[in-house]
1. Name the pairs: first residue in region B:127-155 and outside any helix (DSSP H, G or I), second residue open to solvent by 10 Å² or more (accessible area, probe 1.4 Å), Cβ to Cβ under 6 Å, at least 6 apart or on different chains?
2. Filtering region A:114-169 down to residues that are out of contact with any helix residue (DSSP H, G or I) (no Cβ under 9 Å at 6 or more places or on another chain) and within 12 Å of chain B (Cβ to nearest Cβ), which residue is surrounded by the most Cβ atoms within 10 Å (Cβ to Cβ)?
3. Kindly indicate whether B:GLY277 is of a type outside the set (A, V, I, L, M), in a helix (DSSP H, G or I) and either surrounded by 14 or more Cβ atoms within 10 Å (Cβ to Cβ) or in contact with a strand residue (DSSP E or B) (Cβ under 6 Å, 6 or more places away or on another chain) (or both).
4. List, please: which pairs have Cβ atoms under 7 Å, are six or more places apart or on different chains, and start with a residue in region B:22-44 that is among the small types (Gly, Ala, Ser) and end with one that is surrounded by 19 or more Cβ atoms within 10 Å (Cβ to Cβ) and part of a helix (DSSP H, G or I)?
5. Considering only region B:221-242, state which residues are of a type outside the set (Gly, Ala, Ser), assigned to a helix (DSSP H, G or I) and touching a Ser or Thr at 6+ places or on another chain (Cβ under 9 Å).
6. Which numbered condition trips up B:LEU259, out of (1) of a type in the set (A, V, I, L, M, F, W, C); (2) surrounded by fewer than 19 Cβ atoms within 10 Å (Cβ to Cβ); (3) assigned to a helix (DSSP H, G or I)?
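The values are calculated or read from the model by the stated rules, or taken from the named source; none is laboratory data. Not measured: the values here are computed from a predicted model. For neighbour counting, all protein chains shown are included, and Cβ atoms are generated from backbone atoms with ideal geometry for every residue, glycine included. All accessible areas refer to the heavy atoms of the entire protein, side chains included, with ligands and DNA or RNA removed. Shrake-Rupley method; radii C 1.70, N 1.55, O 1.52, S 1.80 Å.
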Amino acid sequence: MPHTSTGGRVTESVIETSALTKRYGKQLAVDQLSLTVPAGSVFGFLGPNGSGKTTTIRMLMGLIEPTSGRASVLGRPVPREIRTVLPHVGALIEGPALYGFLSGRDNLLRYDAADPTADPRTRRARAESALDRVGLTAAAGKKAKAYSLGMKQRLGLAAALLQPRRLLVLDEPTNGLDPQGMREIRALVRELASEGTTVFLSSHLLDEIEQVCTHAAVMAQGRLITQGPVAELAAGARGRLTVTTPDTGEAARVLKELGVTDLVVTEDRVTGEPPGAEEGAQAPGDLAELNAALVGAGVRVRGFGVERASLEDAFVALTGEGFDVAG
Amino acid sequence: MSRAEVDDVRVASGPREVRRIWTFGLFRSELGITFRRWRTLALLGVLAAVPILVGVAVKIETSDGSTLGGGGEGGGPAFIAQITNNGLFLVFTALAATLPFFLPMAVGVVAGDSIAGESSAGTLRYLLVAPAGRTRLLLVKYATTMTFCLVATLVVALSALTVGALLFPLGEVTTISGTRIGFGEGLLRALLIALVVAASLIGVAALGLFVSTLTSSGIAAMATTVGLLITIQILDQIPQLHAIHPYFFSHYWLSFADLMREPVYWDELLKNLGLQGLYAALFGSAAWARFGAKDITA
């Protein structure tokens, strides 16, 4: 049962925005964004480059002022109470930024000193454990300018992990990493999430979102296209009913009678939208009846099933365009 | 995860408080990274070299027993003629030689780079989400720049004192007014002069900090600050502009020599300090207004 505050408002969301808008001159970078990130979720924030993800994150982190609309993080309005919120938030925004002339360890000490709520007595110990967590202990004494991109990315993550956080905001955390580095970061994200930290993860990589996220929102051209649990989003892309049969003509007739729409007949396959798909849910019974009807009509069925839609199908269905995996 | 944990997403005001004393950690960190940079050390090295050059040049020129340039106010920076009699005067000469350009240029580099340098390196966004707090960060940057003003001035003074003591005799000091004061008192005046010179740089520091909030390029901010410095110095030499000269931050800089009068002539010294305070207030507020409302997109 969701906990309600005295005002009766449900406070289960870690990030909540309503009609959040950022305008640069004539261009709308973020347009009327209303986002809800549930507590405990690994929330994927998906969209092509330039779709307004980073601008949104910068508004949530108090770096840029919204043109209009409201936002709250951890139940507090931002940017008004941003300094109360931020000590509980670890962030990686648009890649890591480090002091090249300082060692990895000293970079962490520097960022920790910037937080007035961070206890200087435990600073070194916390920096060491953060380094350990991202596997940089051995390279901690090296100057950051000698780090590879993957090491810089991991040091950026370590800075986000200097304190126990309630929310981690990770903007493209695997950008520029090799497959091994990506796997490591994703494993770390899962680990953190399992400890109860809400993770808000932006990415332009669909498979990344599918692999690690429980929830997702899709942005395109500054607008929110959809948001919800990943499973639902994929299901919303309406998996197509596929029947493999030599008797395609008869099968198509029977299926049409039973309310299957958008039928496409290829060589030995008939595909179509199962009835009730618009609601996003398909009662399994319906499919069984379809199958029974086909067999009853003498159609020789070789294969029968609904092809599960991927998030990529969902994205194409929602935006009507391919997902440009730039870079 | 338990329900209770999920529901408790509001920030509790209790566990993570801002501790007043902890906020100074950022200032310490800032001092650390400023004075550990090669650039800062190189600037200080150049400043330390000026008194060595002046001292050696004076020593060579006067080694045949002749006086320097025929004496008087004729050539070179103030007090240069007295160095051969008293090494302590090298401190005053070196400060007079570095104040018009070397010192403010070094301060312009450090001040101009303060915010813009963090911005171009991208580290500014991480400091702000740490959260350093914009006002706090600006104060820390300004305090660090002022510390640099003091350190840079003291580097010149100490280098000059060392070179002066090594190359020339030390002893009683003849003031500009012609009276003589003891060496101890002379040393005290030298320290006072160093402090006044450091304070003379407050205006440039504030100007540089403001310029630094305007751009995301550290180089551009440094160049602009140093460029402004040179422009003001040139304008200060144009007699037709004498009506606005008293408002130039550099106009009363050389008034520190008045501390070598007996009694001390305070008029221009106080004008200088007042002007520096005015610049600090004006450009400090401008920097605060600008930085407080700025969208950090770098």
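1. Here the result reads B:ALA130/A:TYR111; B:PRO131/A:ARG83; B:GLY133/A:ARG83, each pair linking region B:127-155 to a residue that is open to solvent by 10 Å² or more (accessible area, probe 1.4 Å).
2. A:THR122
3. Taking the combined requirement at face value, the residue satisfies it.
4. Once the first residue is among the small types (Gly, Ala, Ser) and sits in region B:22-44, its partners that are surrounded by 19 or more Cβ atoms within 10 Å (Cβ to Cβ) and part of a helix (DSSP H, G or I) give B:GLY25/A:ALA113; B:SER29/A:ARG110; B:SER29/A:ALA113.
5. Answer for region B:221-242, where residues must be of a type outside the set (Gly, Ala, Ser), assigned to a helix (DSSP H, G or I) and touching a Ser or Thr at 6+ places or on another chain (Cβ under 9 Å): B:MET222, B:THR224, B:THR225, B:LEU229, B:ILE232, B:GLN233.
6. Every listed condition holds for B:LEU259 apart from (2).
Here's the yes/no breakdown for (1) open to solvent by less than 20 Å² (accessible area, probe 1.4 Å); (2) part of a helix (DSSP H, G or I); (3) assigned by TED's automatic domain parsing to the domain that holds A:ALA127:
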site: A:THR55; (1), (2), (3): no, yes, yes
site: A:GLU65; (1), (2), (3): no, no, yes
site: A:GLY69; (1), (2), (3): no, no, yes
site: A:PRO77; (1), (2), (3): no, no, yes
site: A:ARG80; (1), (2), (3): no, no, yes
site: A:GLY95; (1), (2), (3): yes, no, yes
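For (1) more than 29 Å from B:ASP295 (Cβ to Cβ); (2) surrounded by fewer than 22 Cβ atoms within 10 Å (Cβ to Cβ); (3) of a type in the set (A, V, I, L, M); (4) under 24 Å from the mean Cα position of the chain (by Cα), each residue gets a yes or a no:
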{"site": "B:GLY122", "(1), (2), (3), (4)": "no, yes, no, no"}
{"site": "B:TYR126", "(1), (2), (3), (4)": "no, no, no, no"}
{"site": "B:VAL129", "(1), (2), (3), (4)": "no, no, yes, no"}
{"site": "B:LEU139", "(1), (2), (3), (4)": "no, yes, yes, yes"}
{"site": "B:TYR142", "(1), (2), (3), (4)": "no, no, no, yes"}
{"site": "B:MET146", "(1), (2), (3), (4)": "no, yes, yes, yes"}
{"site": "B:LEU150", "(1), (2), (3), (4)": "yes, yes, yes, yes"}
{"site": "B:THR162", "(1), (2), (3), (4)": "yes, yes, no, yes"}
{"site": "B:LEU166", "(1), (2), (3), (4)": "yes, yes, yes, no"}
